[in-house]
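Trainee: My questions will all concern the structure given below.
The values are calculated or read from the model by the stated rules, or taken from the named source; none is laboratory data. Small disclaimer: the values here were computed from a predicted structure and weren't measured. Positions of Cβ are generated from backbone atoms using ideal geometry, with glycine treated the same way; all protein chains shown enter the neighbour counts. Surface areas here come from the heavy atoms of the whole protein model, side chains and all, with no ligands, DNA or RNA. Shrake-Rupley method; radii C 1.70, N 1.55, O 1.52, S 1.80 Å.
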Amino acid sequence: MGMQCAITGKKPVLGYRYKRRGKAKYLGGVGRKVTGKTRRKFKPNLQRIKIEINGKVKRVRVSVKAIRSGLVKRPLQRKPFQMPTL
């Protein structure tokens, strides 16, 4: 599936990187000038994690924003401890 989040659908976006020179006006200069513009990619922060989908555990690529906002359900690592019945 390439570089795309399985939950949010985030994928790389094209943009520009600007090279500037000069001193900012608020610092007493004549302003910042753009001297160059190059293409670049903004890549999402993807992690390969195990998530639970419909009771099945799958390993998928998910963006960190989806993980931190609670959009994914992580599977239990082990069963909770129970006292034995005597």
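Trainee: Cα convex hull of the chain: mean projected area in nm², to one decimal?
Mentor: 10.6 nm²
Trainee: For every helix of n ≥ 4 consecutive DSSP H residues, a contribution of -39,500 (n - 2.57) applies; sum these over the chain, divide by its total residues, and give [θ] at 222 nm rounded to the nearest 500 deg cm²/dmol.
Mentor: That calculation yields -1000 deg cm²/dmol at 222 nm.
Trainee: Now for a separate question. Let's test the formula: R0 of 30 Å, r as the Cβ-Cβ distance of M83 and K11. What FRET efficiency results, to the nearest 0.05? Write down the numbers at each step before the final one.
Mentor: Values: r = 48 Å, r/R0 = 1.62.
Calculated value: 0.05.
Trainee: For the pair K41/K73, report the inter-label distance in nm, with labels modelled 7 Å from Cα in the Cβ direction.
Mentor: 3.3 nm
Trainee: Given a 1.4 Å probe, how much area per residue of the chain is accessible, in Å²?
Mentor: Values: 7830 Å² over 86 residues.
In whole numbers, the chain has 91 Å² accessible per residue.
Trainee: Among the lysines, which fall within straight-line cross-link reach of K33, defined as a Cα-Cα distance under 29 Å, with same-chain neighbours fewer than 8 residues apart omitted?
Mentor: K19, K23, K25, K41, K43
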